[in-house]
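Structure record follows, encoded as structure tokens.
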Amino acid sequence: MDMDIFLHLKSHLIYYKEDDMPNMIRVENSLLKYQEETSIVFNIENAKYINKDEAKCEASESFLFKDCVDELYTKNRDWQEPWYWNPNIDKPRSINKTQVLNFFNNEYYSGKRMWIRDKIYQSKKDLQIRGCSLPCNRSSFVLQYSYIPRGRIDIGWSESDFDFALSVWAKNFKIKYNSEIYVCDETCLIGEVGGNIGLYLGISFMAAVDIVIDLIKSFKKYSMGLFS
């Protein structure tokens with residue numbers, strides 16, 4: 001049995017497999033150990049980034065990355081999947097089995113359009129290319145794994161068995177906040193450039209005055225020596 005485990009902030013679940021998405025993380029199944037309890041301790045870190053040309057993000061507080069992704073994958077139809085329904089998208093959940101099967105088996109969605117069928121394999125980079133920018137304000141999960149050997153347990157029906165066990169704990173109830181800021185913004189940059197230009201021009205002007213004074217002094221000495 002294949003089982004996917006996600007940790008996410010409320011209302012931010014995006015079903016994916018390839019990498020972590022904003023405000024959530026996928027627990028890697030390969031890190032679960034057979035006949036041991038896998039204990040996961042997590043803490044949440046929030047980061048606020050600046051929207052800039054080399055790393056664009058969506059700064060609006062009302063923007064939900066999850067809704068953008070779901071709208072992206074339903075833009076060519078007027079219904080949503082019956083197994084994954086977003087109430088924020090104004091499209092009903094399909095109850096027509098034939099409609100759903102025909103959609104995902106349609107040859108039109110093969111080849112270059114395969115990304116629509118393989119939504120769960122999309123990465124954050126792919127989704128950004130498709131038109132969903134990452135939110136500038138987003139959270140991430142930091143996980144720490146530990147393992148505890150466990151004996152076989154009674155599962156009822158006079159049988160004992162044990163394959164995997166998983167426990168999830170919050171490290172604490174504190175969220176670490178980080179903000180990206182400009183060390184020197186536009187006003188600061190203008191001031192720095194203007195100050196440096198003024199400094200060097202001022203030095204150059206003072207040096208020019210000193211040169212003129214030295215020339216006058218030298219000329220006077222030369223003149224006195226010439227007529228003495």
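The values are calculated or read from the model by the stated rules, or taken from the named source; none is laboratory data. The structure presented is a predicted model; accordingly, all values stated were derived computationally and were not measured. Ligands, DNA and RNA are stripped out before the accessible areas are found, and what is left, the full protein with its side chains, is counted by its heavy atoms. Shrake-Rupley method; radii C 1.70, N 1.55, O 1.52, S 1.80 Å.
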Sequence of Tyr84, Tyr147, Tyr73 from largest to smallest accessible area, 1.4 Å probe: Tyr147, Tyr84, Tyr73
Unsatisfied cross-links (Cα-Cα over 18 Å) in the set Lys124/Lys174; Lys56/Lys124; Lys66/Lys97: Lys124/Lys174; Lys66/Lys97
